[in-house]
Every structure is written in structure tokens, then in C-alpha cells.
Amino acid sequence: MKPAAVVIGAGVNELVAAHYLARAGCAVTLVRSEVALERADTGWVTPRLAHDLGIDPRLLGAPCADPWAIAPLPGGGRLELTSDVGASAEAIRRLSARDAERWPEFCARMHAHARVLGCLYAEPPPDPMATALRDLARLARGALRVRGLGRSGMEAFLRLLPMSAADFLDDWFESDALKGVLGAAGVMHAFQGPRSGGTAFGLLHHHVGSAPGVFRPPLTNLRAALGAVGGVTMRGGTVARIETKESRITGVALAGGETIPAPLVVSGLPPARTLLEMTDPGLLDPQLVRALRNVRSRGVVAELELVLDRHPGSSTLVIAPALDYLERAYDDAKYGRVSTHPYMEARYEGTDAQGKHRVRVHVQYVPYALRDAVWDTALAQNFGRAVLAKLSEHAPGLSAALVGQHVLTPHDLEHLYGFPQGQAYHAELALDQVLWMRPLPELAQYRTPLPGLYLCGPAMHPGAGVAGAAGANAAAVILGDLRRGVLKVKE
């Protein structure tokens with residue numbers, strides 16, 4: 001019989017962690033906290049997770065909408081990129097014969113690189129300072145996967161990681177439109193421009209789990225595919241604090257005064273919120289407290305939720321016509337201004353219960369903190385009208401089909417979904433905040449300094465874009481600690 005556990009949060013990582021722990025025999029209470037709304041799951045589901053939880057892959061939905069990107073061209077027409085590498089090459093040929101010839105090689109090389117990351121993402125991150133045999137074996141497996149790329153592939157992989165998306169794409173292609181679509185994946189949810197170092201890694205990260213030639217994370221139905229499992233009690237409520245006694249976890253206290261006793265607590269909330277607001281920071285090393293306060297989680301995205309009375313006519317419309325366009329949009333945000341020419345991505349999400357068509361528009365660069373203004377209802381409405389007008393330039397029938405819209409500023413995303421400063425990834429995806437450094441080296445193995453308290457949200461390895469992987473990896477660490485007696489709890 002395993003101990004009682006409380007999982008905090010309503011995201012897919014928390015659901016996955018709860019399922020793993022319940023299947024291992026824990027009595028799990030999943031407290032949805034104050035996050036009452038749910039979002040579509042975004043990202044690849046690893047085969048290991050699907051197998052472990054007995055999920056029929058057919059329930060996860062289509063891997064990615066096709067075409068996965070439709071990019072309007074400045075001179076008229078559009079570039080359509082699909083999962084068919086040959087068809088995309090022919091579409092690219094109308095812009096550049098040279099780029100069309102290079103496209104298949106680029107897709108093959110990136111897919112090989114992404115498979116290496118995919119293997120690293122499917123398990124807890126390797127600890128380069130570890131001495132235990134299991135950790136050394138994990139390091140060795142990672143090194144062998146990189147070595148398996150061959151000399152030229154290994155050199156290309158290691159060269160790619162610290163590069164800017166702009167420098168990397170300039171090496172491969174000459175078409176502004178193609179580089180704009182690909183560069184947008186490198187900066188998605190990042191407070192960086194495509195000329196910032198490490199954004200080539202962002203491009204590769206968003207390719208993991210996708211078919212060759214598809215450079216966007218898929219929408220999945222993992223939440224629905226999980227279904228119900230015995231041993232998980234679902235309940236609402238706001239967790240006011242995580243209870244401790246002599247630095248050990250004893251349960252959680254809800255805002256209404258109720259306490260749920262449990263020697264094991266798993267939080268999907270942002271690490272700083274979990275450790276600095278819900279526990280006593282006096283129990284932590286001052287250096288860790290300082291490091292937690294400096295985890296970069298700057299919001300730079302707003303969203304428009306559109307309701308239409310007919311299909312919009314395309315699956316994903318990408319407004320990112322060039323790398324310079326993206327960089328100038330980033331310049332606005334860098335100085336606290338909402339970009340007047342933002343990177344936008346309108347993605348069709350299907351129909352609702354009333355048969356209306358829903359489109360979610362990702363708008364970047366929109367800073368959480370404005371230099372000369374404060375987000376309020378009037379500013380949000382003006383922003384929404386400006387975005388809709390800009391989007392309608394490329395989708396002329398959009399306004400006529402519109403029956404409703406809702407603007408979500410970075411502040412709204414923070415309030416509704418618990419994203420710190422509106423940052424959907426909880427911690428920015430940057431080279432100093434990935435793998436064994438995500439979000440900090442001291443927390444990268446999902447453990448915290450408080451015995452019995454673990455982290456499983458998107459701020460943890462491998463980050464957002466790999467649906468449920470952080471929850472699965474955290475559960476693996478917890479169950480391993482229980483088996484080895486590292487986590488001593490009263491069962």
C-alpha cells in the first residue's frame with residue numbers, strides 16, 4: 001500500500017502524474033486549485049506514456065492539422081506547408097528553386113535531431129554531476145543517441161543548439177517567407193527575437209514528435225483519452241498553503257479551512273509560487289530563494305478566441321512574413337510596447353457544443369508589463385479590434401463570419417490559467433533553462449528541498465510542447481524514491 005498523495009493543478013501534467021501514482025497504489029486527491037478553465041492539450045504524447053497508461057493512440061486525434069502552416073505572401077498568394085515533404089518542396093519552389101532543393105535534406109536532418117531530443121524528453125533529465133549507476137547510465141544513453149547521428153550529424157546537432165534561429169535558417173534558405181514561418185517556431189512564447197542566441201533550439205523543440213517537415217506542436221486529446229482511473233479523487237478548491245512539520249510535508253490546507261493530510265504533495269503550479277508562496281520560504285536555502293525569484297517567466301503573448309458561424313477555410317494561418325518582421329516585433333516588446341505588427345498564428349480548434357467554429361489566435365509580441373500604459377478593459381478591447389483588423393487583411397471573410405470574440409491579455413492568462421506573467425510555459429524555453437537546468441539545477445529532478453514535495457508542471461523538464469511528459473517523469477522519480485526508501489513516508 002502506497003501513501004496518500006495530493007496533486008495540485010488542473011493541467012495535463014498533473015492529470016498524468018495523478019494517474020501514474022494511482023496505478024501504483026497511491027490514494028490520490030487531485031485538487032484543481034483556482035484554475036477552473038481547461039485548454040486544449042498541445043504537444044506530442046510519447047509512446048511510453050501512451051503505453052504505460054493504456055491509451056489507444058487513435059484517441060489522441062490527428063498528429064497535426066494539414067496544411068500545418070498557411071502563410072500569406074506580401075505580393076499576393078500564399079505559401080502552404082504540409083506534412084508531405086515533396087508537396088511542400090513544390091510550394092517552396094515558387095519562391096526559390098534553391099530552397100525547394102534543400103527542403104528534403106533540411107527536414108531529414110531536423111527530424112533526426114528531434115528524435116534525439118525526443119528520447120531525452122521521455123525520461124527525467126540526466127544529471128551531469130550524478131554518480132549513481134542509474135544516472136550514469138542515463139548520461140551514457142544520451143551521449144550514445146547524439147553519437148548515433150554520425151560525425152557530421154553530431155557536429156550539426158551541437159552547432160545548432162546555441163545558434164539563433166536567424167543565423168541557422170540563413171545557412172539553409174533564402175526565402176523570407178519560409179524563414180519567417182520557421183523562425184516563428186523558434187521564438188514561440190519566448191521573450192526573444194529570432195536573432196537571439198538559442199532560438200534555433202526552440203525551433204527544434206517544437207518539431208519533437210512531429211512528422212518530418214512539420215514544425216509546430218500538435219493539438220492532442222490526451223486529457224480526454226486518459227479517462228477515469230480508480231484511486232484518483234477529483235475536487236475543486238483553492239490550495240492556500242502546503243503544510244509542513246519539521247520541514248516534512250504533511251498535507252495541504254484549502255482556502256475554506258479544510259486540510260487534506262498527505263505525506264506526498266505534487267504541484268503543477270509554477271515553482272516560485274509553490275515554494276515561495278505556498279510554503280514557508282524560511283525553510284529554503286537563501287540562494288535557492290534568490291534563484292527562484294530570477295527564473296525567467298516573462299509573458300509576451302496575448303490570445304483572441306474567435307467564434308465563427310462557418311469554417312474559416314484554413315487550419316493554421318501564420319503571419320510572420322520574414323525574420324526581420326519578427327525581430328522588429330520583438331523590439332517593440334523589448335521596450336514595453338505592444339507590437340503594431342505582431343507575429344500571429346490563427347489555429348482552428350473545431351466546433352463547440354452549439355456547432356460554432358472556434359479559432360484561437362496566438363498574438364506575439366504583447367508584453368505583460370507595459371512601459372506607458374496599464375492593461376485594462378478598454379485597452380484590451382482596442383487591442384482586440386486592432387488584431388482582428390490586421391488578421392482580416394489576410395482572411396477577408398473572417399469579419400463576416402464572426403459571431404463572438406474574447407481577448408485574453410497576458411494578465412488574463414495569468415488570472416485564468418495560472419500562467420506566471422502570462423507565460424504559458426511557466427519558465428521560458430532558453431538554453432539556460434532546459435534539460436538538467438530546467439528551471440534550476442537544484443529542482444531539475446522534480447524534487448524540492450522539502451521531503452515529500454515534488455514539482456510536475458510545464459516549468460519542469462521537458463517543458464511545454466510534450467504533453468504530459470513532465471507529469472510522467474515526476475511520477476517516475478517519486479515512485480523510484482519510494483521504492484529505494486529515499487522518500488520515507490508513513491504508508
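The values are calculated or read from the model by the stated rules, or taken from the named source; none is laboratory data. Model, not experiment: these values are computed from the prediction. As a convention, Cβ positions derive from the backbone with ideal geometry for all residues, glycine included, and neighbour counts pool all protein chains shown.
Brief remarks follow.
- When the residues of segment 77-114 are filtered to those that are free of Cβ contacts under 8 Å to residues at least 60 places away in the same chain and not in a helix (DSSP H, G or I), the one that is nearest to Ala185 (Cα to Cα) is Glu80.
This table checks each residue for (1) within 23 Å of His461 (Cβ to Cβ); (2) surrounded by 15 or more Cβ atoms within 10 Å (Cβ to Cβ); (3) touching a His at 6+ places or on another chain (Cβ under 8 Å); (4) of a type outside the set (S, T, N, Q).
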residue: Leu204; (1), (2), (3), (4): yes, yes, yes, yes
residue: Gly209; (1), (2), (3), (4): yes, yes, no, yes
residue: Val232; (1), (2), (3), (4): no, yes, yes, yes
residue: Gly251; (1), (2), (3), (4): no, yes, no, yes
residue: Gly268; (1), (2), (3), (4): yes, yes, no, yes
residue: Thr274; (1), (2), (3), (4): yes, yes, no, no
residue: Leu288; (1), (2), (3), (4): yes, yes, no, yes
residue: Val301; (1), (2), (3), (4): yes, yes, yes, yes
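- When each of Leu413, Leu398, Leu391 is tested for being buried (at least 18 other Cβ atoms within 10 Å of the Cβ), over 23 Å from Pro74 (Cβ atoms) and in contact (Cβ under 8 Å) with a residue 12 or more places away in the chain, the lone residue that passes is Leu413.
- Tally of residues being buried (at least 23 other Cβ atoms within 10 Å of the Cβ) and small (Gly, Ala, Ser) across segment 211-229: 1
- From the list Val232, Val266, Val252, the one residue that fits, being in contact with a Phe, Trp or Tyr (Cβ under 7 Å, 6 or more places away or on another chain) and touching a residue at least 24 places away in the same chain (Cβ under 8 Å), is Val266.
- Test: residue in segment 304-313 that is more than 16 Å from Arg385 (Cα to Cα) and touching a Pro at 6+ places or on another chain (Cβ under 8 Å): no
- Just so you know, in segment 147-191 the residues that are among the polar types (S, T, N, Q) and not in a helix (DSSP H, G or I) include one that is surrounded by the most Cβ atoms within 10 Å (Cβ to Cβ), and it is Ser164.
- Any hit, segment 325-338, residues being touching a strand residue (DSSP E or B) at 6+ places or on another chain (Cβ under 8 Å), surrounded by fewer than 17 Cβ atoms within 10 Å (Cβ to Cβ) and without any contact (Cβ under 8 Å) to a residue 40 or more places away in the chain: no
- Selection from segment 342-361 of residues that are among the hydrophobic types (A, V, I, L, M, F, W, C) and assigned to a strand (DSSP E or B): Met344, Ala346, Val359, Val361
- A single entry from Tyr348, Tyr368, Tyr425 fulfils the requirement of being surrounded by 20 or more Cβ atoms within 10 Å (Cβ to Cβ), on the phi < 0 side of the Ramachandran plot, touching a helix residue (DSSP H, G or I) at 6+ places or on another chain (Cβ under 7 Å) and touching a residue at least 24 places away in the same chain (Cβ under 8 Å): Tyr368.
- Checking the stated criteria, Ala467 turns out not to satisfy the condition of being at pLDDT 95 or above, under 29 Å from Val187 (Cβ atoms) and within 14 Å of the chain's Cα centre (by Cα).
- For segment 211-220, the condition of being over 27 Å from the mean Cα position of the chain (by Cα), farther than 16 Å from Leu30 by Cα and at pLDDT below 90 holds for none of the residues.
- Tally, over segment 230-269, of residues that are touching a strand residue (DSSP E or B) at 6+ places or on another chain (Cβ under 9 Å), within 22 Å of His19 (Cα to Cα) and in a loop (DSSP other than H, G, I, E, B): 8
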